[in-house]
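Derivation of every value follows stated rules applied to the coordinates shown; laboratory data play no part. Remember, predicted model here, so these are calculated numbers, not experimental data. Counting neighbours? That spans all protein chains shown, and the Cβs are built from the backbone with ideal geometry, glycine included.
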Amino acid sequence: MRFLHSSIVNSGRCAGAAFPPCLAQPNNTADEATTNMAYATEITTGTQSGFSARFSGLLIDLRARLARRKVYNQTLSELQNLSNRELADLGLNRSIIRRVAYQAAYEV
């Protein structure tokens, strides 16, 4: 909670019904009370509501799935573009290209 008016520090009074007077002064007039008024504001950032938390969770999950799918497609494309000799140098053959691409993307 912040006090936005500096006279609260000097006057010895606290503003609002939730705060009792710090130093009670019995002879206050109505004009003094309005000129020495302090405003309190509270800035809070609450947790996300249930719906927005689930929605943001779905977006995060979707982005992760799309990134993995992109890695899978890129790996598959690169391995399919290699010749049989290049695949043999890597210890691979054409029949296991999909499994290798899947392992590269999803079994990290």
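The residue pairs whose first member lies in the range 95-108 and is over 15 Å from E78 (Cβ atoms), whose second member is among the basic types (K, R), and whose beta carbons are closer than 9 Å, counting only pairs six or more residues apart or on different chains, are Y106/R68; V108/R68. Residue pairs whose Cβ atoms lie under 7 Å apart, sitting 6 or more positions apart in sequence or on different chains, and linking a residue in the range 53-80 that is more than 13 Å from Y106 (Cβ to Cβ) to a partner that is in a helix (DSSP H, G or I) and of a type outside the set (D, E), are L79/I97; L79/V100; L79/A101; Q80/I97.
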